[in-house]
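The values are calculated or read from the model by the stated rules, or taken from the named source; none is laboratory data. Nothing here was measured: the structure is a model prediction, and the numbers come from that model. Cβ sites come from the backbone with ideal geometry, for glycine too, and all protein chains shown count toward neighbours. Only protein heavy atoms, including side chains, enter the accessible area calculation; ligands, DNA and RNA are left aside. Shrake-Rupley method; radii C 1.70, N 1.55, O 1.52, S 1.80 Å.
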Amino acid sequence: MRLDAAPHILHTVSDQGGDVLRSHTGRDVAGIHAWWLDDGGKLYAQADLGPALVAGRDLAVLLARLRLADGVPLLEALEHGPADGQMIRLEGHGKAAALHFCAAADIAGVLGFVRCPALSRITP
């Protein structure tokens, strides 16, 4: 098995109670502990379900709904340069979580998953 992105892929889904983030496994995200934006423009979340990548088709919608603690849209704030550790929240959802930046090559280590688990068990 190989993970090209992350253990979970998140999609935005319109539900009776509003928009939710849902994993490709069909489970809804109850909370985000941290957000990670890589140098390739991919957005990851350390969610209650585990490490997750926001699906590319849902990225624009989600980015438009992320706000800094003072209500400024994240995309607007990023135009002035990234500030690692800024608290952001998903509009219409509860708690804020810190936004961090990293290199795409480092995301597996940062989020704590192994891209190729079978290879990690092979001993030289």
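Some points to look at:
Residues checked against (1) of a type in the set (Ser, Thr, Tyr); (2) modelled with pLDDT of 90 or more; (3) under 11 Å from the mean Cα position of the chain (by Cα):
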site: Asp38; (1), (2), (3): no, yes, yes
site: Tyr44; (1), (2), (3): yes, yes, yes
site: Ala47; (1), (2), (3): no, yes, yes
site: Val54; (1), (2), (3): no, yes, yes
site: Arg57; (1), (2), (3): no, yes, no
site: Val61; (1), (2), (3): no, no, no
site: Arg67; (1), (2), (3): no, yes, no
site: Asp70; (1), (2), (3): no, no, no
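- Residues that are of a type outside the set (A, V, I, L, M, F, W, C), outside any loop (DSSP other than H, G, I, E, B) and within 16 Å of Asp39 (Cα to Cα) within the range 83-115 comprise His100, Asp106, Gly109, listed in sequence order.
- Selection of the range 16-54 for residues being of a type in the set (Asp, Glu), assigned to a strand (DSSP E or B) and either under 15 Å from His93 (Cα atoms) or open to solvent by 20 Å² or more (accessible area, probe 1.4 Å) (or both) yields Asp19, Asp28.
- So Val114, is it free of Cβ contacts under 8 Å to residues at least 12 places away in the same chain and aliphatic (A, V, I, L, M): no
- Summed over the range 70-94, the residues that are over 22 Å from Val20 (Cβ atoms) and either small (Gly, Ala, Ser) or open to solvent by 70 Å² or more (accessible area, probe 1.4 Å) (or both) give a count of 10.
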